[in-house]
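The values are calculated or read from the model by the stated rules, or taken from the named source; none is laboratory data. These numbers come from a predicted model, not from an experiment. Here the Cβ positions follow ideal geometry from the backbone for every residue, glycine too, while neighbour counts run over all protein chains shown. For the accessible areas, the whole protein counts, side chains as well, though only heavy atoms, and no ligand, DNA or RNA atoms are used. Shrake-Rupley method; radii C 1.70, N 1.55, O 1.52, S 1.80 Å.
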Amino acid sequence: MVTYPVKGISPDMSFLEMLDVLNEDLLLRGDEPIAFDHDCREGICGMCSLYINGRAHGPERGTTTCQLHMRHFKDGDTITIEPWRAAAFPVHRDLVVDRSAMDRIQQAGGYISVNTGGVPDANTIPIPKTIADKAFDAATCIQCGACVAACKNASAMLFLSAKVSQLAMLPQGKVEAKTRVENMLAQHDAEGFGACSNIGACAAECPVGISLDNIAMLNREYISAKATSENVA
Amino acid sequence: MILDSKIPEGPLAEKWDKHKFNVKLVNPANKRKYEVIVVGTGLAGASAAATLGELGYNVKAFCFQDSPRRAHSIAAQGGINAAKNYQNDGDSVFRLFYDTIKGGDYRAREANVYRLAQVSVDIIDQCVAQGVPFAREYGGLLANRSFGGAQVSRTFYARGQTGQQLLLGAYSALNRQIAYGKVKMYPRTEMLDLVMVDGKARGIVVRNLITGKIESHSAHAVVLATGGYGNVFFLSTNAMGSNATAAWRAHKKGALFANPCFTQIHPTCIPVSGEYQSKLTLMSESLRNDGRVWVPKTVELAQRLRRGEIAINDIAEEDRDYYLERKYPAFGNLVPRDVASRNAKLVCDEGRGVGGSGLAVYLDFADAIKRDGQPAIAAKYGNLFEMYAKITDENPYEKPMRIYPAVHYTMGGLWVDYNLMTNIPGLYATGECNFSDHGANRLGASALMQGLADGYFVIPYTIGDYLAQMPYAKVSTDHPAFKEAEEAVIAKNQQLLSIKGTRTVDEFHKALGLLMWDYCGMARNAEGLQFAKQEIRKLRDEFWRDVKVTGVNEELNITLEKANRVADFLELGELMVDDALHRNESCGGHFREEYQTPENEALRDDENFAYVAAWEFTGVGNEPVLHKEDLKFENVKLTQRSYK
């Protein structure tokens, strides 16, 4: 662990802009800057991470690190920053971790098997607004990995459940629901993520408010898949 | 060089269908003998990679982010246009075509735009089949809203996160092909050069951003879907990593760059708050459906407001100037983006701006909240209001938003023909990376439409026409052309690392951005552009003399990544200025102060400038060569754009 002094921080700066200031300072002194992941800085791409003072994405609820502003800290504070810590997220360098395990879970079944073209008109299947809205809520997961970092078991169940329940709720997604949940869960375990013990730290720390209800739905989908025989082992 | 746009013969409405029939096909069993490289995994790239994989081609896809799902399409907020006419309000393919041509101030190709409007309807069907959760009405059918530059409701949306949901749809299709082994995905990998063999694009050189390793990849065709170059301005709504390097290095290998000065300044962004600022945040245009734009009527009132002597509520209704509603009664707050931005600049230049700096106008929801209630407004725009509150620490339900224009999108890009192929055989450019569909100004909710149109429905047809004529044999990456390109990339990185100067990459980037914003931004004039050209050249010389890049190539090196990108911006910036300087007219987002109507509207010169300006690279510091593609308008009449 290294401690760096940072000066000239305004309350309107974002947390990452504070790190920019530090990095510029390090560069001018001939040091190498601190590597951290970030891209859109609008809270939507899911690229930024950081465990700040013991909290995933810092102290503000419902906020990604890039949308966290320095007005939430006091002058003179010492802030502790760590990378996401999970066996399935090896560290590349400094604060940059490898989250490709989450992509591989998506590849195991996080899709509806339709090719481009030859699909029915979009209004062919009416979907109740309440269901569409719920599916949308689940679909807003940004795959940042905060749920894994916050979980004492390093489980990715909240992330996984968001995709499973989004697709299971929609008529288009029901066709493959059973194989999907089994395959995605198998990949989740193979990647070395832990099991879910229903603590709820994931949902409490999720920057976009993915609900714990999704995990309940995931469990229901999984049991229902297991109860029939035509699915994968 | 003669630019052949390869627009098919025949009536406008039949061109695409005829062309699809006339293109050569690759038999299903032979598709697996071809390899295609797709660079970029936003809407245009992910949709192309997935669809080409579904067809049977072997695809290699590349992105610099840690996951393909993080490409900046994810941040698009408002919606996607489609001529479905679900609202029964008079929409049609021709109307969407017409609005887009007119919105682009008559500087786009008719045939491309018509095709875009045609396939727009298929995009919505495709996305719904993938499970994209668009907004719906209580009856279960899809909902729509209106966007700027249109008088019909044709925009499909998923709250304020449409880009996210569409990209996740394309990402899921991509994942399926990755799982099948048809697409091989290379995340955290950045393209640093294009490789040509016998005059054809045959591969790319990339840098692995984790290990620094320089590698070559060979293919039968290369698709660049690498987005726009808005980050030339340093401050923009683009992601921090968005860059022009892939497109620019292809340009340096011979691909023409078209209309580089056509950049879009989006009217509704959160104003700049300080020098440390790293990026600007957009507030979706959809907000102009319910928000009313205003500033105080007099300079005196604005001054008192800025000094804090009076509060917003002290300004009586009759002392507020809803200038868009006043000047453009037919479209009101929903005028196109270039018009809204220019008017915001005008009122601020008059001294009527608000906020501490005076560089902001109000976007006020008080009337909409009174009319529909706060919950209804929250349901439509909740996430945007939250984002605004987080950044500014102000509650937009109680106080009007302060907004100001910011760089958002670039209409210019690599020149492509009707098949989306650049002038280099086998090199394609799709989405924001090409120049083709938006003319001098893009309408809201049309970027998502174009990215997905190109990737799902255009390139899968047109690339087959090219591949069908290619031998199956692959070029080995041991070929001298690959080795030469690798060596050039390595040498450039070593050069950057060896300067060991005194100024950081960001310092240069910020200096360039400021020059571009001041002289090649919302308003331009010949004198300023000439000045900017000299200053950019000076800055570029200083960069190569005095930039400080620490570390080595063979590691995760964020400074080296940025240095490569900024080195290219310093060249591209000059081309933008050249283009702006040569185009002696105003059109869309290109506003030359010398050419305006008495009402301060853009004054086009169709006689002399109804063409695409496609620039050929002739060496850094040399004057580029201009090639013109004349634009023929056979289906719309060129008129002075009016939104009054």
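Considering only residues that are assigned by TED's automatic domain parsing to the domain that holds B:GLY355 and charged (D, E, K, R), look in region B:396-423 and name the one that is most open to solvent (accessible area, probe 1.4 Å).
B:GLU398
Could you list all residues from region A:97-134 that are closer than 28 Å to B:CYS63 by Cα, at the interface with chain B (Cβ under 7 Å from one of its Cβ atoms), open to solvent by less than 20 Å² (accessible area, probe 1.4 Å) and aliphatic (A, V, I, L, M)?
Once the filter is applied, which keeps residues that are closer than 28 Å to B:CYS63 by Cα, at the interface with chain B (Cβ under 7 Å from one of its Cβ atoms), open to solvent by less than 20 Å² (accessible area, probe 1.4 Å) and aliphatic (A, V, I, L, M), region A:97-134 yields only A:ILE112.
Can you name every one of the helices (runs of 4 or more DSSP H) wholly within region A:117-229 that holds 3 or more residues which are more than 24 Å from A:ARG104 (Cβ to Cβ)? Show your work before the answer.
Values: elements: A:129-139, A:146-150, A:157-169, A:171-174, A:177-190, A:201-205, A:213-226.
Helices (runs of 4 or more DSSP H) meeting the threshold: A:129-139, A:213-226.
For region B:315-348, give me each residue that is of a type in the set (Asp, Glu) and modelled with pLDDT of 95 or more.
Kept after step one, since they are of a type in the set (Asp, Glu), are these residues of region B:315-348: B:317-319, B:321, B:325, B:338.
If the condition is that a residue be of a type in the set (Asp, Glu) and modelled with pLDDT of 95 or more, then B:GLU317, B:GLU318, B:ASP319, B:ASP321, B:GLU325 are the ones that fit.
Looking only at region B:574-606, which residues are of a type outside the set (Val, Ile, Thr), within 20 Å of B:SER341 (Cβ to Cβ) and not in a loop (DSSP other than H, G, I, E, B)?
B:MET576, B:ASP579, B:ALA580, B:CYS587, B:HIS590, B:ARG592, B:GLN596, B:ALA602
I'm trying to understand the selection: among the residues of region B:143-165, which are under 19 Å from B:HIS266 (Cβ atoms) and not in a loop (DSSP other than H, G, I, E, B)?
Across region B:143-165, the qualifying residues are B:ARG145, B:THR155, B:THR162, B:GLY163, B:GLN164.
Considering only residues that are part of a loop (DSSP other than H, G, I, E, B) and either surrounded by 24 or more Cβ atoms within 10 Å (Cβ to Cβ) or within 11 Å of chain A (Cβ to nearest Cβ) (or both), which ones fall in region B:285-297? Step through it out loud before you land on a result.
To start, the set of residues in region B:285-297 that are part of a loop (DSSP other than H, G, I, E, B) comprises B:290-291, B:297.
Across region B:285-297, the qualifying residue is only B:GLY291.
Considering region B:309-368 alone, what residues qualify as being part of a loop (DSSP other than H, G, I, E, B) and of a type in the set (A, V, I, L, M)? First the steps, then the outcome.
At the first step, the residues of region B:309-368 found to be part of a loop (DSSP other than H, G, I, E, B) are B:309-311, B:315-316, B:322, B:328-331, B:335-336, B:350-360, B:365.
Residues satisfying the conditions are B:ILE310, B:ALA311, B:ILE315, B:ALA316, B:ALA330, B:VAL335, B:VAL354, B:LEU359, B:ALA360.
Hey, any hits in region B:1-14 for a residue that's in contact with a Lys or Arg (Cβ under 9 Å, 6 or more places away or on another chain), of a type outside the set (S, T, N, Q), within 26 Å of B:GLN469 (Cα to Cα) and within 14 Å of chain A (Cβ to nearest Cβ)?
no
Being in a helix (DSSP H, G or I) and either at pLDDT below 95 or open to solvent by less than 10 Å² (accessible area, probe 1.4 Å) (or both) is the filter; apply it to region B:174-198 and report the residue that is nearest to the other protein chains (Cβ to nearest Cβ).
B:ASN175
Looking only at region B:210-230, how many residues end up being in contact with a strand residue (DSSP E or B) (Cβ under 8 Å, 6 or more places away or on another chain) and over 20 Å from B:GLY455 (Cα atoms)?
Number of matching residues: 8.
In the set B:GLU535, B:GLU561, B:GLU554, which member is surrounded by fewer than 17 Cβ atoms within 10 Å (Cβ to Cβ) and of a type outside the set (Gly, Ala, Ser)? Spell out how you get there, then give the answer.
Numbers: B:GLU535 fails: surrounded by fewer than 17 Cβ atoms within 10 Å (Cβ to Cβ); B:GLU561 fails: surrounded by fewer than 17 Cβ atoms within 10 Å (Cβ to Cβ).
One residue alone meets the criteria, B:GLU554.
So which of B:PHE508, B:PHE543, B:PHE569 ends up being open to solvent by less than 10 Å² (accessible area, probe 1.4 Å) and either within 14 Å of another protein chain (Cβ to nearest Cβ) or touching a Ser or Thr at 6+ places or on another chain (Cβ under 6 Å) (or both)? Break it down into steps so the answer makes sense when it comes.
Details: B:PHE543 fails: either within 14 Å of another protein chain (Cβ to nearest Cβ) or touching a Ser or Thr at 6+ places or on another chain (Cβ under 6 Å) (or both); B:PHE569 fails: either within 14 Å of another protein chain (Cβ to nearest Cβ) or touching a Ser or Thr at 6+ places or on another chain (Cβ under 6 Å) (or both).
Selected residue: B:PHE508, the only one of B:PHE508, B:PHE543, B:PHE569 that is open to solvent by less than 10 Å² (accessible area, probe 1.4 Å) and either within 14 Å of another protein chain (Cβ to nearest Cβ) or touching a Ser or Thr at 6+ places or on another chain (Cβ under 6 Å) (or both).
Taking region B:391-413, which residues are aliphatic (A, V, I, L, M) and either more than 13 Å from chain A (Cβ to nearest Cβ) or under 10 Å from the mean Cα position of the chain (by Cα) (or both)? Spell out how you get there, then give the answer.
Step one: list which residues in region B:391-413 are aliphatic (A, V, I, L, M), which gives B:391, B:401, B:403, B:406-407, B:411.
Selection gives B:MET401, B:ILE403, B:VAL407, B:MET411.
This table checks each residue for (1) farther than 30 Å from B:THR245 by Cβ; (2) more than 14 Å from chain A (Cβ to nearest Cβ); (3) over 18 Å from the mean Cα position of the chain (by Cα).
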{"site": "B:LYS20", "(1), (2), (3)": "yes, no, yes"}
{"site": "B:VAL39", "(1), (2), (3)": "no, yes, no"}
{"site": "B:ALA61", "(1), (2), (3)": "no, no, yes"}
{"site": "B:ILE80", "(1), (2), (3)": "no, no, no"}
{"site": "B:SER92", "(1), (2), (3)": "yes, yes, yes"}
{"site": "B:TYR98", "(1), (2), (3)": "yes, yes, yes"}
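Would you check which residues across region A:83-110 are without any contact (Cβ under 8 Å) to a residue 12 or more places away in the chain and assigned to a loop (DSSP other than H, G, I, E, B) and list them?
Within region A:83-110, A:PRO90, A:ASP98 meet the criteria.
Which pairs turn up if I take residues in region A:185-214 that are free of Cβ contacts under 8 Å to residues at least 24 places away in the same chain and look for partners that are surrounded by fewer than 21 Cβ atoms within 10 Å (Cβ to Cβ) with beta carbon separation below 6 Å, at least 6 apart in sequence or on another chain?
From residues that are free of Cβ contacts under 8 Å to residues at least 24 places away in the same chain, the pairs are A:GLY200/A:LEU212.
What about B:GLY274, is it open to solvent by less than 10 Å² (accessible area, probe 1.4 Å), not in a strand (DSSP E or B) and not polar (S, T, N, Q)? If you could, list the steps in order and put the result at the bottom.
Working: open to solvent by less than 10 Å² (accessible area, probe 1.4 Å): no; not in a strand (DSSP E or B): yes; not polar (S, T, N, Q): yes.
In short, no.
Residues that are within 14 Å of another protein chain (Cβ to nearest Cβ), touching a residue at least 40 places away in the same chain (Cβ under 8 Å) and within 22 Å of the chain's Cα centre (by Cα): does region B:130-151 have at least one? Steps first, please.
Taking region B:130-151 as the starting set, the residues that turn out to be within 14 Å of another protein chain (Cβ to nearest Cβ) are B:130-144.
If we keep only those that are touching a residue at least 40 places away in the same chain (Cβ under 8 Å) too, we end up with B:130-131, B:141-142, B:144.
Keeping just the survivors that are within 22 Å of the chain's Cα centre (by Cα) gives none.
Within region B:130-151, not a single residue is within 14 Å of another protein chain (Cβ to nearest Cβ), touching a residue at least 40 places away in the same chain (Cβ under 8 Å) and within 22 Å of the chain's Cα centre (by Cα).
Working carefully through the options A:ARG180, A:ARG220, find the one that is of a type in the set (Lys, Arg), surrounded by fewer than 19 Cβ atoms within 10 Å (Cβ to Cβ) and closer than 30 Å to B:VAL128 by Cβ.
Details: A:ARG180 fails: surrounded by fewer than 19 Cβ atoms within 10 Å (Cβ to Cβ).
Only one candidate qualifies: A:ARG220.
Determine whether region B:424-434 contains at least one residue that is over 23 Å from the mean Cα position of the chain (by Cα), open to solvent by 10 Å² or more (accessible area, probe 1.4 Å) and over 30 Å from B:TYR98 (Cβ atoms).
Yes.
Taking B:GLY139, is it of a type outside the set (D, E, K, R), within 25 Å of A:GLN166 (Cα to Cα) and surrounded by fewer than 22 Cβ atoms within 10 Å (Cβ to Cβ)? Walk me through how you get there before you give the answer.
Working: of a type outside the set (D, E, K, R): yes; within 25 Å of A:GLN166 (Cα to Cα): yes; surrounded by fewer than 22 Cβ atoms within 10 Å (Cβ to Cβ): yes.
Here the answer is yes, as B:GLY139 does meet what is asked.
Can you work out which of the residues in region A:12-22 that are facing another protein chain (nearest Cβ under 8 Å) and more than 19 Å from the chain's Cα centre (by Cα) is surrounded by the most Cβ atoms within 10 Å (Cβ to Cβ)?
Restricting attention to region A:12-22, the residues satisfying the condition of being facing another protein chain (nearest Cβ under 8 Å) are A:12-14, A:16-17, A:20-21.
Adding the requirement that they be more than 19 Å from the chain's Cα centre (by Cα) leaves A:12-14, A:17, A:20-21.
Numbers: A:ASP12: 16, A:MET13: 21, A:SER14: 24, A:GLU17: 21, A:ASP20: 20, A:VAL21: 19.
Per the criteria, the residue is A:SER14.
Of all residues in region A:30-59, count the ones that are facing chain B (nearest Cβ under 7 Å), among the charged types (D, E, K, R) and under 16 Å from the mean Cα position of the chain (by Cα).
Of the residues in region A:30-59, 4 are facing chain B (nearest Cβ under 7 Å), among the charged types (D, E, K, R) and under 16 Å from the mean Cα position of the chain (by Cα).
Looking at B:ARG207, B:ARG109, can you tell me which residue is more than 30 Å from B:PRO329 (Cα to Cα), open to solvent by less than 20 Å² (accessible area, probe 1.4 Å) and in contact with a strand residue (DSSP E or B) (Cβ under 9 Å, 6 or more places away or on another chain)? Step through it out loud before you land on a result.
Values: B:ARG109 fails: more than 30 Å from B:PRO329 (Cα to Cα).
Within the list B:ARG207, B:ARG109, the selection yields B:ARG207.
B:TYR643: hydroxyl-bearing (Ser, Thr, Tyr) and touching an Asp or Glu at 6+ places or on another chain (Cβ under 7 Å), yes or no? So that I can check it myself, show each step before the final result.
Details: hydroxyl-bearing (Ser, Thr, Tyr): yes; touching an Asp or Glu at 6+ places or on another chain (Cβ under 7 Å): no.
Considered against the rule, which asks whether it is hydroxyl-bearing (Ser, Thr, Tyr) and touching an Asp or Glu at 6+ places or on another chain (Cβ under 7 Å), B:TYR643 comes out as no.
With respect to B:GLU623, is the statement that it is surrounded by fewer than 18 Cβ atoms within 10 Å (Cβ to Cβ), at pLDDT 95 or above and not hydrophobic (A, V, I, L, M, F, W, C) true?
Details: surrounded by fewer than 18 Cβ atoms within 10 Å (Cβ to Cβ): yes; at pLDDT 95 or above: yes; not hydrophobic (A, V, I, L, M, F, W, C): yes.
Against the criterion (surrounded by fewer than 18 Cβ atoms within 10 Å (Cβ to Cβ), at pLDDT 95 or above and not hydrophobic (A, V, I, L, M, F, W, C)), B:GLU623 qualifies.
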